[in-house]
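A.B. asks: Take a look at the following structure, please.
Bear in mind that the values in this text are calculations on the coordinates, not laboratory data. Predicted model, so just to flag it, every value in this text is computed and none were measured. Please note: Cβ atoms are built from the backbone with ideal geometry, for glycine as well, and neighbour counts cover all protein chains shown.
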Amino acid sequence: MGPVWRLVKGEKDMCHRCGKEIVDFPAVGRVVDWTFHPQEKYCWECYRYVAPFVDEISPQSETPFQPVTKPAIP
Ligand SMILES: [Zn+2]
């Protein structure tokens, strides 16, 4: 199973790429036994940057990516 994107909510963490503090953030990882295991977590800025590369890493992924929905920014 290829990598999937999930929106993680209410968890404080650090962006994998730029180190910025993030609370509601997109994470890429794998689903094992119906549980999501994030491998890398990003802020929205970095997500926009890395998402196309993650698509390229696994072009023949059997399951389509589950894109996260960007929350409305007030
Ligand atoms: Zn970042």
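A.B. asks: Roughly what would the spin-label model give for Asp13 and Phe53, points 7 Å off Cα along C-beta, in nm?
C.D. replies: 1.7
A.B. asks: Under 5 Å between amide H atoms, partner at least 5 residues away or on a different chain: which partners does Ile22 have, H built in plane at 1.01 Å?
C.D. replies: Counting only residues 5 or more places away or on other chains, the set is Asp13, Met14, Cys15.
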